[in-house]
Amino acid sequence: MSLLVARGLRKKYPTGVVAVENVDLEMDRGIYALMGPNGSGKTTTLSMITGSLKPDSGEVLVKGYSMWGGGWVEARKLIGFAPQDMPFYKHLTAMNNLVYYGLLHSLSIFESKRRGRELLEAVGLWEARNRQVSKLSGGMRRRLAIAAALIHDPEILVLDEPASGLDPKAREELWSLLITQWGDRLIVFSSHDGEEVERFATQVYIMHRGRVIEKGEPEELKKRYMPHPKAAVLIPEGEAPTIDGVEPERVGMMYRYPLEKLTVEDIVHALREGGVKFTRIEVVEPSLSEVFISLTGERLS
């Protein structure tokens, strides 16, 4: 059996919004992404598979243990969860927060301190161990959140938008740390950044309006839905015409022509001949962001 299996997950909030509808997941060791824009159901899904939020229906199995059934104690021990805003005691130090999380996971005070030191060294925060969390930078707090999620040495690490708000350098450092230190486990993360998912995920579940609409390896999905680059044309007024039988995809004022039968020169010539005013044209290489647009007609972020 796979390390993590979810079947038929559904969650409707008291406001009447159905956040997640009939979501199925199956994951083993590797790096899996839930990719979708804000509001697509990613955070709700992660909350249900980690035991933080009870689904209205469906089941979650963690190494065969039922998260919402008789095996919930064993299931929760196997998962470490770092939400976007980890609930730290900001007046306490980095080390004391880790000790607190260790005690929550039934570790002894000695084991909590030992694991705290080990993890602070691993995430590069040992020198900041006595600094209050309120005085840590955003990137440092994100690394501390990962350490807290790993305090009980779980087999599965779940991260909600782990690189959100980080600058490119901090994002690279974070992912380098995750892959080199814990890449042999199952890492599940959510993201609305197609480039991040493309670079770091081995498998991706694409979510839209509470449902999984596609899944697979990033390269395989690009080959399936974006086998050719496209020419993206910005037309502030009017509409782009069909050129030589090729109709463009439209997202707002952007029109995309697949460069399979056409060249950029063909497109520019046809637009000028037709009196269509455009302000920019560029070649867009296949990407997961473009796959999302192809599937939904909407932008990823």
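Using C-alpha pairs below 8 Å separated by at least 6 residues, the relative contact order for the chain is 20 percent.
Distance between the modelled labels on Thr242 and Val17, one decimal in nanometres: 3.9 nm (7 Å Cα→Cβ projection).
A simple spin-label model places pseudo-atoms 7 Å from Cα toward Cβ; at Val284 and Phe110 they are separated by 6.0 nm.
Spin-label pair Leu53-Arg7: with each label point 7 Å from Cα along the Cα-Cβ axis, the two points sit 2.3 nm from one another. Restricting the count to DSSP beta bridges whose residues both fall in the chain, what percent are antiparallel, rounded to a multiple of 5? Roughly 65 percent of the beta bridges in the chain run antiparallel, per DSSP. Extension gain for Leu234-His91 works out to 46.5 nm (0.36 nm per residue, less the C-alpha to C-alpha distance). Toward the positive end of the charge dipole of the chain, with +1 on the Cβ of Lys and Arg and -1 on the Cβ of Asp and Glu, the farthest Cα among Phe189, Leu98, Val5 is that of Leu98.
Which of the chymotrypsin sites (Phe, Trp or Tyr not before Pro) found in the range 70-105 are loop residues per DSSP with 16 or fewer other Cβ atoms within 10 Å of their Cβ? All intermediate terms of the calculation are to be shown ahead of the outcome.
Details: sites: Trp72, Phe81, Phe88, Tyr89, Tyr100, Tyr101; in loops: Phe88, Tyr89.
Taking the range 70-105 and a limit of 16 other Cβ atoms within 10 Å, the loop chymotrypsin sites (Phe, Trp or Tyr not before Pro) found are Tyr89.
This model, with +1 at the C-beta of Lys and Arg and -1 at the C-beta of Asp and Glu, gives the chain a dipole about its Cα centre of some 1400 debye. Can you tell me which lysines have their Cα less than 17 Å from the Cα of Lys222? Leave out same-chain residues fewer than eight positions away. Cross-link targets: Lys230. Helix 264-273 and the longest principal axis of the C-alpha atoms of the chain enclose an angle of approximately 50°. By DSSP, the beta bridges lying fully in the range 134-281 are antiparallel in about 75 percent of cases.
Look at where the Cα atoms of the range 202-274 and of the range 8-73 average out, and the two centres are 32 Å apart.
When Ser289, Ser52, Ser191, Ser112 are arranged by Cβ crowding within 10 Å, least crowded first, meaning fewest neighbours, the order is Ser52, Ser289, Ser112, Ser191. Short-range pairs are left out: with C-alpha atoms under 8 Å and at least six residues apart, the relative contact order of the range 1-138 is 19 percent.
For the chain, the longest piece that avoids every one of the trypsin sites (Lys or Arg not before Pro) found in DSSP loops with at most 12 other C-beta atoms within 10 Å covers 91-260. Each listed q (0.12 Å⁻¹) maps to a log10 I(q)/I(0) for the chain, found by the Debye formula over equal Cα scatterers with no solvent: -0.84.
Only the coordinates and a few stated rules stand behind these numbers; no lab work does. Worth saying up front: this structure is predicted, and the values here are computed from it rather than measured. FYI the Cβ positions are ideal-geometry reconstructions off the backbone, even for glycines, and counts take in every protein chain you see.
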